[in-house]
1. Of the residues that sit in the range 486-497 and are touching a residue at least 60 places away in the same chain (Cβ under 8 Å) and not aromatic (Phe, Trp, Tyr), which one is nearest to residue 548 (Cα to Cα)?
2. Hey, can you tell me all the residues within the range 504-546 that are closer than 19 Å to residue 475 by Cβ and under 29 Å from the mean Cα position of the chain (by Cα)?
3. Return yes or no: is residue 453 acidic (Asp, Glu), closer than 28 Å to residue 393 by Cα and at pLDDT below 95?
4. Filter the range 319-340 down to the residues that are surrounded by fewer than 23 Cβ atoms within 10 Å (Cβ to Cβ) and of a type in the set (A, V, I, L, M, F, W, C), then identify the one that is nearest to the ligand (Cβ to nearest atom).
5. Could you identify the single residue in 455, 351, 375 that is within 18 Å of the chain's Cα centre (by Cα) and either in a helix (DSSP H, G or I) or more than 20 Å from residue 67 (Cα to Cα) (or both)?
6. Residue 223 - would you say it is within 16 Å of the ligand (Cβ to nearest atom) and at pLDDT 95 or above?
7. Looking at (1) out of contact with any Asp or Glu (no Cβ under 7 Å at 6 or more places or on another chain); (2) over 20 Å from residue 464 (Cα atoms), which is the only condition residue 370 fails?
8. Of all residues in the range 38-88, how many are more than 16 Å from the ligand (Cβ to nearest atom), buried (at least 22 other Cβ atoms within 10 Å of the Cβ) and small (Gly, Ala, Ser)?
Amino acid sequence: MSTPTAAGGSTATQWPAAAENLRWWDREVGYEVYIRSFADGNGDGVGDFVGLTDKLDYLAWLGIGIVWITPFYPSPMADFGYDVADYTDVDPLFGTLADFDACVAEAHRLGLRVLVDLVPNHTSDQHRWFQSSRSDPDGYWRGYYHWRDPGPGGGPPNNWVSHFGGPAWTLDEASGQYYLHLFLPEQPDLNWSNPRLVREFDQILEFWLDRHVDGFRVDVAHGLVKNMLMPDNPQRFPVTPDMSPRQAWACYDHRYDLDQAGVTAIYRRWRNIVEPRDALLLGEVYLRENNPDRVSRYVTHQDGLHRAFYFAPMHTPWEPAALWSTFRDALDAAPRDLSWALSSHDDPRAPTRLGGGALGRARALSYAVLQFALPGLPFLYQGEELALDDVDVPPQQCQDPVAVRNQNPADGRDGCRTPMPWAPGPTGGFTDADEPWLPVGRAPADTVAAQRDDPGSALAKYRELLALRRELTDLHHAELEWLTDRPAPVISFRRGDCVCALNVADDPKELALPPGRWRVAFSSQREAGPVVEGELTLEAPEGLLLVAEPGEA
Ligand code: NOJ
């Protein structure tokens, strides 16, 4: 794809000289499409490519530049597509390769770029590689996975645990060996020390690039390489039976199963594949400790990932000291290479996490102002623009394996994965089926139909913010200069002619503005337009974007 033509109508030659080195993703905002829940085109209750293609004009209208589509490959759906049985096809549930091609073509026609979700850490246990690996212990495919003899005295080879609960090893009775899976037993981990496996993925990247994708979101980008001696991980706290899988996982120092030195070599290799196609590598670098120095190792080199999601903002309490350390530390470590998401298909939505109800929604919108003004690549998760909170999915309707297998809905991710509410009604305009795969569970006011023509809606606000992110080119490239410092309750910085401020206190706070006159370009709380100077009082919460009046900065 050359340059975007719709949703803003800019071309590369129009950018100012100072921005000459920008890549296309520096100017865009991304949007995560959880395909199962976006739009159902064939009436079976599950989202698909026909449904998504039909809704792309909505995303262009909204002002989105990049669409990341979660896995759609043939899969037994043990982890809803993150268990891939064939990397180069489309699961019939979602359509066909022709439907995929039509979707990409329509996206490009609308000026949208498309990222596909690459899942290189593990396959499905139904993938032919694993089937062969399992059935023939001496064969070619055995080395595609991690097989080990039982540990001394029997049992798993080491103390590694699965993200989703229980040991990270499952015994294959026939061969007497265990295989490794950092997620479900149905998701065996691939062995990236095997050069043959490495070459397989070169082909997979080329396959999708040949189908005109604009890049890849890389699943578990921090996990592909393991310490091949497989020592026990140091245990920090005892695991107790009442713990959720996440809590049990956090009891270990993941020194040997994640974030190993060799992993960045894989991205160096992939850069050589994607660069000639001008495609983006965006990694999911989900390190529990949210250590920004470690995340930055994946992106700061010319030859690493282009961008890495930084997940700390999704786990930081609404409290000045915590938010300061999240953002300041991250930007010190990686000044422009992080990707910022406040919600996703794996964690509670921002309004729910930030207090729920009107307060949660107000905080989420003000947080988005900061997210959009930071250097790096902001991503919205479908429905975030409607200020959706999580749905309380009844236990008997929960689907996420983490909830179902641990018999605890609170462990699951269903609440943030419910179908997109396009229109009022029990199926939300999402499907013609009687029953969507998860309940929609939304009030009429939550829907696209209700918000689209309402200038006071969350949708109108997010759309306004997206337009500004595109229009204010300083937000694409200007250096960040902090205007306040920790532990101030107002987090504020300047980028060129733009000032961003976020009040995270529980009461209004004053902000001293830089000299000159400033126009309120966007506020999560008040009307845009007024010109201000000197001091400004921010509501609680309030996210504010100011632009220098011409001739003032
Ligand atoms: C991260 C994905 O976002 C999540 O949904 C999935 O379960 C794991 N990776 C395993 O692929």
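The values are calculated or read from the model by the stated rules, or taken from the named source; none is laboratory data. None of the values given here were measured: they were computed from a predicted structure. Quick reminder, even Gly has a Cβ in these numbers, built from the backbone with ideal geometry, and neighbours come from all protein chains shown.
1. So in the range 486-497, the residues touching a residue at least 60 places away in the same chain (Cβ under 8 Å) come out as 486-489, 491, 493, 495.
The next check asks that each one be not aromatic (Phe, Trp, Tyr); those that pass are 486-489, 491, 495.
Values: 486: 25, 487: 26, 488: 23, 489: 23, 491: 18, 495: 11 Å.
Step by step, filter the range 486-497, then rank; the result is 495.
2. 521, 522, 523, 524, 542, 543, 544, 545, 546
3. Working: acidic (Asp, Glu): yes; closer than 28 Å to residue 393 by Cα: no; at pLDDT below 95: yes.
Answer is no for this residue.
4. 334
5. On the way: 455 fails: within 18 Å of the chain's Cα centre (by Cα); 375 fails: either in a helix (DSSP H, G or I) or more than 20 Å from residue 67 (Cα to Cα) (or both).
The match here is 351.
6. Working: within 16 Å of the ligand (Cβ to nearest atom): yes; at pLDDT 95 or above: yes.
The answer is yes for residue 223.
7. (2)
8. 4
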